[in-house]
Structures are given as structure tokens and as C-alpha cells.
Amino acid sequence: MLKVHEGELRDTRITRELNNRNCYIGTLSSHMDVKTENRRAEHALIDLAEPFCTWAWLQGGDYNESLLDRCWKLVLANHSQDSIDGCSMDKVNRDVIGRYTDSRTMCEALSYKTIGGLAKKALLKAGDDAAVPQPHVTVFNPGLKPQSGLVQMMVDIPKEDAAGDLVLID
């Protein structure tokens with residue numbers, strides 16, 4: 001029969017009896033914001049920046065390896081046992097969140113820049129910059145599966161362009 005323990009596992013004698021698990025005295029919480037920021041930073045890197053940079057590279061553009069490496073180093077610096085668990089001192093948690101924020105911000109900027117280049121390349125005809133309709137909206141699907149359905153968005157169109165024809169290219 002398994003041993004049952006009720007209450008906190010702060011007594012080191014009890015934690016030793018339960019498979020010799022260490023208990024950090026004075027650690028009474030886990031910072032959920034560390035885990036949330038980890039997921040946001042990983043998403044910006046794995047699901048957005050890297051796929052867009054790969055797509056750009058396949059189209060003859062730059063992969064931006066050095067910037068992606070820097071983002072990875074910031075995220076991985078937070079994956080040590082004293083950081084990712086979120087039960088460190090407040091200053092450590094602020095530093096951890098700062099690294100996640102830096103990585104996510106760089107990934108979002110890189111994704112935005114890369115998407116802009118991909119959109120421009122897709123819209124250009126015969127290399128003529130004048131062929132890109134102004135204003136224009138391009139929708140990207142960063143997911144692994146094709147999507148169908150309606151995309152809803154609000155677009156501010158300058159008054160002088162509002163009388164022109166709108167064209168949908170799929």
C-alpha cells in the first residue's frame with residue numbers, strides 16, 4: 001500500500017521518506033508567469049520566426065541564423081533547474097522573464113520583417129515595385145495544416161483609395 005501524506009511537504013524528514021526528494025526551504029510558490037512567458041517565447045521562436053525564416057530561405061532570402069541563434073540562447077538560458085521551475089528569488093524571476101521578453105520581441109520583429117519580404121515577393125510582378133497594389137493585405141497561415149474558412153479583419157483604407165476597386169487574390 002502506498003504511503004499517504006496530508007499537508008505540505010516541508011519537513012525534510014518526511015520528504016526523505018518519500019523517495020529522498022529534496023525540499024527547498026523558504027520556497028512557498030511557483031511563478032506561473034515564468035511558465036507562461038516560456039510558452040510565449042517558444043511559440044514566437046518555434047511556430048513563427050523559424051518557419052517564416054525557413055520559408056524565406058527556400059525563396060532565396062536570408063535565414064537570419066545569427067538572430068535565431070541569439071533568440072534560442074536567451075530561451076535556453078532560462079531552462080536551468082533554478083530558472084524554469086519559477087521558484088527562485090524575485091530578482092531571478094525578473095531576469096528570466098526579461099530574457100523571454102527579449103527573445104520574443106526579437107522573434108516577433110524578425111517574423112514581421114520576414115513576412116513583409118515574403119508578401120512583397122509574392123505580390124511583385126516581373127520585379128516591378130509599382131506592381132504591388134497599395135494598400136494591400138496579405139494573410140499567412142503559419143500552421144502545419146491548410147486552413148479554410150473566413151478571415152475577418154478591420155482595415156483602415158485611406159479616404160482617397162476608398163473609391164478604388166478591391167481585388168482578392170487567393
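The values are calculated or read from the model by the stated rules, or taken from the named source; none is laboratory data. Since the structure is predicted, the reported quantities are computational estimates derived from the model, not experimental observations. Glycine also receives a Cβ, built like all others from the backbone with ideal geometry; neighbour counts cover every protein chain displayed. Accessible surface areas use protein heavy atoms only, side chains included; no ligands, DNA or RNA. Shrake-Rupley method; radii C 1.70, N 1.55, O 1.52, S 1.80 Å.
The accessible area of His43, taken with all protein chains in place and a 1.4 Å probe, comes to roughly 80 Å². Largest accessible area first, the listed residues Tyr112, Tyr100, Tyr63 line up as Tyr112, Tyr63, Tyr100 when surface is computed with a 1.4 Å probe on the assembled protein chains. For the pair Glu160 and Met32, label points projected 7 Å from Cα toward Cβ lie 5.1 nm apart. The residues neighbouring Leu67, those whose beta-carbon lies less than 14 Å from its own, together hold a net charge of -2 under the Lys/Arg +1, Asp/Glu -1 convention.
Net charge of the neighbourhood of Thr54, taken over other residues with C-beta under 14 Å away and scored Lys/Arg +1, Asp/Glu -1, is -4.
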